[in-house]
Each structure stands twice: as C-alpha cells, then as structure tokens.
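What follows is a short report on a single structure.
The values are calculated or read from the model by the stated rules, or taken from the named source; none is laboratory data. None of the values given here were measured: they were computed from a predicted structure. Virtual Cβ from ideal backbone geometry, glycine too; neighbours counted across all protein chains shown. What goes into the accessible areas is simple: the full protein's heavy atoms, side chains included, and nothing from ligands, DNA or RNA. Shrake-Rupley method; radii C 1.70, N 1.55, O 1.52, S 1.80 Å.
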Amino acid sequence: MADPFLYNTGERSHYGCLGHEVQIEYLKAYVCRPSFSTDKAVIVVHDVFGWRFPDIRYIVDLMAAHGYIAICPDFFKGTEPWKSTDHWVDFPDWMKNHDPMKADKEADVVLKYLKEQCGAKKIGIVGFSWGGMAVHHLMLKNPQLTAGVSLYGIVRDSEERYSLLNPTFFIFGEKDHTISLDQIFLLEDKLKQYCKAPYKIKVYPGQVHGFAQLKPEDMKPDDKPYIEEARRDMIDWIKMFV
C-alpha cells in the first residue's frame, strides 16, 4: 500500500504552539483561545498522525486567530497514532482499532466541555483525512454541531451517509489517490438527491491528500495558492454558519 500522504510528513518545520493542553474527563486536548471573549467554538479533528502533530496544532491556532475557541482532543484516547515510519501494509489493522465512525463519545465529551466550561453556544467542527471521515460521520449523527468542514475524508460504506443534519463543506484535492474523482462525483450526485441541509463540494487543482493543513514554511510554491484558498474557504464556511 503506497503512502497516501504524498507530502513528506517526516520533514516538517518546528512549530511553537500558541495554546495549551488540558485534561477533559478521560481525554487530553489542545486548546487555543482568541484574545477576546466569545461564545463560538470549533472542534478540530486530527488526522492519523494524532493530536500532537504540528500541522494540526497550527490549524487550531489559526481558528483561534479567527475568533473561535479552538480545541483538538485526542480522539485516539492515548493510543499510538500512526507514524511516518510505520509500514502501510499494517495500516488496515491499525484502522480497525482507530475507527473514525466511533468518534461519537469523544465528540460528546468535548461538546459538554465547550458548553459548560467555555460558555460556547455555537460549535463547528473541521477535520482532516481521518478527521474528515469523523466529521462526515458526526454531521450525520450529532445535531449539536452547527456546521462542519470535512477535508479529504468521507464515509464510504453507509447508505445513510447523505442525510446531513447541518451545513457541511467537503474539500478534496484533485490528485488525492485515496479518494477518486468518481467517489466525489457520486457524493455530489447523492447529496443533490437526499440532502436537505446546505452543503458544498470543492476540488482543488493538482492537490494531493493532506495538502490543506501544511504550515506556510512547508508549502511548495506551486501549491501555496490552492492551500491558502482551501483554508480561506474552510474559515469562510465556518464564519457563515457558526
């Protein structure tokens, strides 16, 4: 099985985080708050590399800079994330123990924390790859989430995957070899038929899996405009509804 992350995940620049870690019941989480008081929050769902991966913490800080209480909980509950040195032949077995369709309990714990401890009244969610699958799943199941953005992650094996409860935006790279254009066209066609909530699908030219969470210093010049566009689109969607 080829490495689906065509960017070299082992060669990332250091990132000095702006937030801090907290304990929420049985979960650890990374939290960053804006400089002013707000009742709006965003849950950031990490990819297979887990809640400590620098790119994900950068996204948390980015959401906070745009005025949201931003939080990335450890959806792997203390178990080992996937590592760039692991063998992709073992990935299916690893996924069996890290199912993004079983993120409901952790999402509820974080929603409770945001409402009771942070005073959040409107809560959005964004997720990347593994986290994108979790977001798609949660937007079908959890009406407490005001809006969602799923970046290169979809629920593939459920006939009920099109009845989104609230506004959801799907972001894909044109050259993502984990999600084919045919799958994207099918998603679009089925959402037109079955989805009553607002939704949007957008494909970014020439982009591979994992493109949108890169920090500025890790971007390739040809990709930078599309990465920045995807981030703006993600933030605009959240701002429109949360």
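Observations
- Under 5 Å between amide hydrogens, built in the peptide plane, is the criterion, and for Ile24 it picks out Ala29 among residues at least 5 positions away or on other chains.
- Options Pro221, Phe128, Val31, ranked by Cα towards positive dipole end of the chain, top entry (Cβ charges): Val31
- Heavy-atom accessible area ranking, 1.4 Å probe, most first, across Glu229, Glu106: Glu229, Glu106
- Taking every Cα-Cα distance in the range 187-242 and sorting them into 10 Å bins starting at zero, the pair-distance distribution P(r) comes out as 20, 41, 31, 8, 0 percent.
- Residues whose placed amide H lies under 5 Å from that of Thr168, excluding near-sequence neighbours: Gly148, Tyr199, Lys200
- Residue-wise HN-Hα coupling along the range 52-66, computed from phi with Karplus coefficients 6.51, -1.76, 1.60 (Hz; x: Gly, Pro): 9, 5, x, 4, 6, 5, 4, 5, 4, 5, 4, 5, 5, 5, 8
- Solvent-accessible area per residue for the chain (1.4 angstrom probe, square angstrom): 45 Å²
- Area accessible to solvent at Leu165, 1.4 Å probe radius, in Å²: 80 Å²
- Rolling a 1.4 Å probe over the protein chains gives Ser180 an accessible area of about 50 Å².
- Taking the Cα centre of the chain as origin and assigning +1 to Lys and Arg Cβ atoms and -1 to Asp and Glu Cβ atoms, the resulting dipole is close to 860 debye.
- In order along the range 108-122, the Karplus-derived 3J(HN,Hα) couplings, from 6.51 cos²θ - 1.76 cosθ + 1.60 at θ = phi - 60°, round to 5, 4, 6, 4, 4, 4, 4, 6, 7, 9, 10, x, 6, 10, 10 Hz, and Gly and Pro are given as x.
- Options (1) 57, 42, 30; (2) 89, 42, 34; (3) 43, 42, 36 - which one matches Cα extents along the principal axes in Å as calculated here: (3)
- When the alpha-carbon atoms of the range 139-239 are used, the pair Rg, Dmax equals 13.9, 41 angstrom.
- Carbon + sulfur, % of accessible area of the chain - ligands and nucleic acids excluded, 1.4 Å: 51 percent
- Cα centroid separation - the range 119-152 against the range 210-242, whole Å: 17 Å
- Cα shape, the range 123-198, gyration tensor, a/c 1.5 rule: oblate
- Across Lys190/Lys224; Lys102/Lys175; Lys28/Lys96; Lys96/Lys122; Lys96/Lys224, pairs whose alpha-carbon gap is larger than 26 Å: Lys190/Lys224; Lys102/Lys175; Lys96/Lys122; Lys96/Lys224
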